[in-house]
Amino acid sequence: MADISMAALTKVYPGGVRALDGIDLTIADGEFFALLGPSGCGKTTLLRTLAGLETASSGSVGIGGRDVTALPPGRRDVAMVFQDYALFPHMSVSDNIAYPLRIQKVPGATRREKAAQTAAELGLTDYLDRRPGQLSGGQQQRVALARAMACHPQVFLFDEPLSNLDARMRLEARTFLKRLQRELGVTTVFVTHDQAEALALADRIAVMESGRIRQLGTPAEVFRYPANTFVASFIGSTPMNLLDGQVAGGRIDVAGALLPVPEGLEEGLAEGEKLVYGIRPEYLGLAEGPAEGALRGAVRVVENLGSAQLVTLEGESGFVQAVVDEDRRLTPGEIGHAVPRRDRALLYRDGELLNRAPAESGPAGRPGEGEAA
Amino acid sequence: MPTTSPPDAGLAPRGAGGQAGAAPRPARDRDAAGLGRPRAAAFVTPALLLIAAFLVFPALWTIYLGLTDYRLTGLAAADPQMVGLDNFTDALKDDSFSHSLGLTLQFVVGSAVIGQAGLGFLIAWVMRNRRGALRRLVEALVLTAWILPSSVIAFLWIALLDRDDGTLNAALHTPGTAWLLEHPMLSIIVFNIWRGTAFSMMLYAAALGNVPPSHLETARLAGASGWQQLRDVVFPRIRGHILTNLLLISLWTFNDFTPFLLTSGGPEDKTEVMPVFIYKLALSNGELGFGAAISVLMLLINLVIAVVYMTLLRRRKEDAPA
Ligand SMILES: Nc1ncnc2c1ncn2[C@@H]1O[C@H](COP(=O)(O)OP(=O)(O)OP(=O)(O)O)[C@@H](O)[C@H]1O
Ligand SMILES: [Mg+2]
């Protein structure tokens, strides 16, 4: 029953830093929403403003249809999990989980029962009497989650809750978190700067840059059709190749290489117009020899990605990266010809995407699935 | 997955190297600086001699004096006699001793434990999120009271509390009130709070800086009131600081002689706290032996205070591992 709405939300810190700059955003009930962006773009600030830990400079926040802009944190009915988990070291796990209930003056017996129940759901039953200092990082994270869950808030706010875990634990915790959120169906806002995490977990993602939302969409949309060159270069495990080009006779001329125009964009391109041609390294193949519509360059660096190799070519168009098969033998200095996949190529005019996302990839992963109960 | 095996293999030799490197450590622990025993002793001797001359010897001398009927003047000054534990038993039976002890406890509890610690914490708590001019001003004022010499401060306070031209009487429109005569204990308690709050304030300010903001915010999100935040997050976190602070200011206040500069222990004996009592006894009345015995008792009381706090501190460490 709790959607979150922000209207023209702005936060200016005392020093004059504009950490949020007119955010308009609606997060649906039961949605798993990720905030993604480079360091210092205002993700934490947005979360803290939702929680009421920072007061908005202007604009409004609503939770579940209620305007909470002026309410103190304790009355917004949200729970937050901090990056350091913020478990109280002098309280047992059980007392930690039951802490919000204690503040709500729930009687002791009910409280302990509730804590034990929540702990059981998260597999913490054996640790109820321990202190947080006697738990592993992953267990601490689950205690923090349990504390957030125990008081049945309308909204969960997570600020990089997985960043203290090692890579392996992180994967586990990620799957666990996703399942938990599905079961509980609680609206969740999740801050991360690990984009793999955001792509894997979220129903929708907002990519932020210096206090503004640069793109809002499903993980598939954001990955396939980055709305602008900022998002394009930010999203993806290897940064997208963004090459300066020019329209020439129905093709794009990138430093002498004539590349085909992506489907559906042939109209509306003016001859001689300057554009940016975007292609992910994953969608660039290395041809065996000189080929039509290929980017030519000398192999400079070969990086092993495990099951593939990332090759950096230096040509007239600058550096171009391509992902090639692990069996391919490449020697630095050799000339490579990189051929883009036409259906994955993107065109940007003045930094904004020209491609249109196909309609069916729109509202994928419907929110609200979890509210069956 | 094949990718996990190389790191595992790489760990093994590192572990073995760590063990080998740990072996010679106990030998080095015994002689960390590598000086050898004689040279190390030579470095320590001067300090030990100074301590012996200026600390151990006077202490032992006081105990010895406490066992005699030594006086400042008269026959007993020339030829003091051993009287055994008489001085001590006399003191414990003496009404003026227990009276003075009672006053000292009032003074310590009122001005140090409640006053300085309470006010110091309050200021530190109110100022915790402030930066800039206001905070610096408050800190500067409080610190000034702390660093000024006692004699200067006593003079200032006598001027403040003066019956005829006192600043306080002018401010409160209570001409002719002799504060030091009518409320002597209250006066020296307020005086000592004013004088000594800086230490507690600084210590608590540093301690509050160690309370993670996320812990306070978690409590706030749960709906905790200001008092609940203090009780559940702040106090458990800074308990060690609180105990250390109370230990130090209790001992300092217990041994503080400055009230004498304001009231000379009077009127009558209403502000005759322990140090003043001993001073009057030994140097005004000349009963050096008796005074020394009471000094030893005072030392023992100090020890008891210290032991109580240290026990509390130690219990806390066992309570909260990590
Ligand atoms: N208390 C503060 N006072 C002044 N400026 C602040 C404060 N907190 C954050 N800022 C500034 O606001 C901007 C946004 O900060 P925020 O913490 O929201 O970034 P973030 O996106 O969470 O970054 P990260 O990924 O590194 O956590 C930054 O430029 C930061 O320097
Ligand atoms: Mg952050």
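If you average the sequence gap of Cα pairs under 8 Å that are 6 or more apart and divide by the length of the stretch A:238-351, what percent do you get for the contact order?
Values: 259 pairs, mean separation 35.5, N = 114.
Reported as a whole number, the value is 31 percent.
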Problem set entry | Gap separating the Cα centres of the stretch B:135-187 and the stretch B:81-124, nearest whole Å | 24 Å
Problem set entry | chain A - Rg over Rh from alpha carbon coordinates, Kirkwood radius | 1.06
Exercise. Can you tell which of A:324, A:78, A:155 shows the greatest fluctuation in a Gaussian network model of chain A with Cα springs below 10 Å?
Worked result: A:324
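Can you give the calculated 222 nm mean residue ellipticity of chain B, where each DSSP H run of n ≥ 4 adds -39,500 (n - 2.57) and the sum is split over every residue, rounded to the nearest 500 deg cm²/dmol?
Value at 222 nm, helices only, nearest 500: -21000 deg cm²/dmol.
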For this session: Output ³J(HN,Hα) for the stretch A:83-89: one whole-Hz value per residue in order, computed from phi by the Karplus curve 6.51 cos²θ - 1.76 cosθ + 1.60 with θ = phi - 60°, and x for Gly and Pro.
Result: 4, 8, 6, 6, 7, 7, x
For this session: First check a/c for the stretch B:66-162, with a ≥ b ≥ c the square roots of the eigenvalues of its C-alpha gyration tensor; if it is under 1.5, answer rounded, and if not, answer prolate when a/b is larger than b/c or oblate otherwise.
Result: prolate
Exercise. With labels modelled as points extended 7 Å from the Cα through the Cβ direction, what inter-label distance (nm, one decimal) is found for residue A:307 paired with residue A:120?
Worked result: 4.0 nm
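When Cβ neighbours within 10 Å are restricted to other protein chains, what is their mean count per residue of peptide A:75-88? Walk me through the numbers before you get to the answer.
Details: counts 1, 2, 2, 1, 3, 6, 2, 7, 1, 4, 3, 10, 3, 7.
For peptide A:75-88, the averaged partner shielding equals 4.
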For this session: With springs connecting C-alpha atoms under 10 Å apart, model chain A as a Gaussian network and identify which of A:270, A:119, A:28 has the largest mean-square fluctuation.
Result: A:270
Exercise. How high is the relative contact order of the stretch A:4-229, given as a whole-number percent (alpha carbon pairs under 8 Å, six or more residues apart)?
Worked result: 29 percent
Seminar exercise, completed: For peptide B:229-235, the mean count of other chain Cβ atoms within 10 Å per residue Cβ is 2
Exercise. From the Cα gyration tensor of the stretch A:238-351, with a ≥ b ≥ c the square roots of its eigenvalues, which class applies: rounded if a/c is under 1.5, or else prolate if a/b is larger than b/c, or else oblate?
Worked result: prolate
Exercise. Are there residues in the stretch A:36-55 whose accessible area shrinks by at least 30 Å² when all protein chains are included rather than the chain by itself, and which are they (probe 1.4 Å, ligands and nucleic acids not counted)?
Worked result: A:53
Problem set entry | Amide H contacts under 5 Å for residue A:214, placed H, 5+ residues apart | A:207, A:208, A:209
For this session: Just name one of A:137, A:62, A:82: the one whose Cα is farthest towards the positive end of the charge dipole of the stretch A:47-201 (beta-carbon charges, Lys/Arg +1, Asp/Glu -1).
Result: A:62
Problem set entry | A/B buried area, accessible surface, summed, 1.4 Å probe, Å² | 1800 Å²
Exercise. With θ set to phi - 60° and the Karplus curve 6.51 cos²θ - 1.76 cosθ + 1.60, what are the ³J(HN,Hα) couplings of the stretch A:166-173 in order, to the nearest whole Hz, using x for Gly and Pro?
Worked result: 6, 3, 5, 4, 4, 4, 4, 4
Exercise. In nanometres, what is the gap between the two model label sites at residue B:164 and residue B:255, each 7 Å from Cα along Cα-to-Cβ?
Worked result: 4.0 nm
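What is the Rg over Rh value, at two decimals, for the stretch B:95-319, using alpha-carbon atoms and the Kirkwood definition of Rh?
On the way: Rg = 20.1 Å, Rh = 19.4 Å.
My calculation puts Rg/Rh at 1.03.
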Exercise. Put simply, what bits of the stretch A:110-131 lose 10 Å² or more of accessible area when the other protein chains are there, versus the chain on its own (1.4 Å probe)?
Worked result: A:131
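Rolling a 1.4 Å sphere over the protein heavy atoms, what is the accessible area per residue of the protein assembly as shown, to the nearest Å²? Can you show the working numbers first?
Working: 35010 Å² over 695 residues.
Heavy-atom accessible area per residue stands at 50 Å².
If you take each beta carbon of peptide B:211-218 and count the beta carbons of other chains within 10 angstrom, what is the mean?
Details: counts 0, 4, 4, 10, 7, 2, 8, 15.
Counting other chains' Cβ atoms within 10 Å and averaging over B:211-218 gives 6.
Sort B:239-251, B:205-217, A:206-218 for me by packing, meaning the mean count of neighbouring Cβ atoms within 10 Å per residue, highest on top. Working shown, then result.
Details: B:239-251: 18.7, B:205-217: 16.2, A:206-218: 20.8.
For the peptides B:239-251, B:205-217, A:206-218, the packing ranking is A:206-218, B:239-251, B:205-217.
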Exercise. Got a sec? Which residues in the stretch B:259-302 would a label at residue B:152 touch, if it sits 7 Å along Cα→Cβ and we count backbone N under 14 Å?
Worked result: none
For this session: List the residues of the stretch A:76-113 whose backbone N lies under 16 Å from a point placed 7 Å from the Cα of residue A:194 along the Cα-to-Cβ direction.
Result: A:82-85
For this session: May I ask for the percentage of alpha-carbon pairs in the protein assembly as shown that lie more than 52 Å from each other?
Result: 39 percent
Problem set entry | Residue (of A:163, B:193, A:335) at the positive-pole extreme of the protein assembly as shown, dipole from beta-carbon charges | B:193
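Let me know the shape class of the stretch B:230-305, please: from the alpha-carbon gyration tensor, a ≥ b ≥ c as square roots of the eigenvalues, rounded when a/c is under 1.5, otherwise prolate if a/b is greater than b/c, or oblate.
On the way: a/c = 4.55, a/b = 2.20, b/c = 2.07.
Prolate.
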Exercise. What are the residues whose amide H is under 5 Å from the amide H of residue A:11, where those residues sit 5 or more places off or on another chain and H is modelled from the backbone?
Worked result: A:19, A:20, A:21, A:22, A:57
Problem set entry | Accessible surface of the stretch B:203-322, 1.4 Å probe, proportion on carbon and sulfur as whole % | 63 percent
Exercise. Can you pull the percent of chain A's accessible area that's carbon plus sulfur, 1.4 Å probe, other chains left in place?
Worked result: 49 percent
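Regarding the stretch B:136-219, what whole-number volume in Å³ per residue does the convex hull of its Cα atoms give?
Details: hull volume 11.9 nm³, N = 84.
Taking the convex hull of the Cα positions in the stretch B:136-219, it is 142 Å³ per residue.
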Exercise. Amide H neighbours of residue A:305 under 5 Å, counting only residues 5+ apart in sequence or on other chains, H built in-plane at 1.01 Å?
Worked result: A:310
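The values are calculated or read from the model by the stated rules, or taken from the named source; none is laboratory data. Remember, it's a predicted structure, so these values are computed and weren't measured experimentally. In this analysis, Cβ positions are derived from the backbone assuming ideal geometry, glycine residues included, and neighbour counts consider all displayed protein chains. Just the protein is used for accessible areas: all its heavy atoms, side chains included, with ligands, DNA and RNA removed. Shrake-Rupley method; radii C 1.70, N 1.55, O 1.52, S 1.80 Å.
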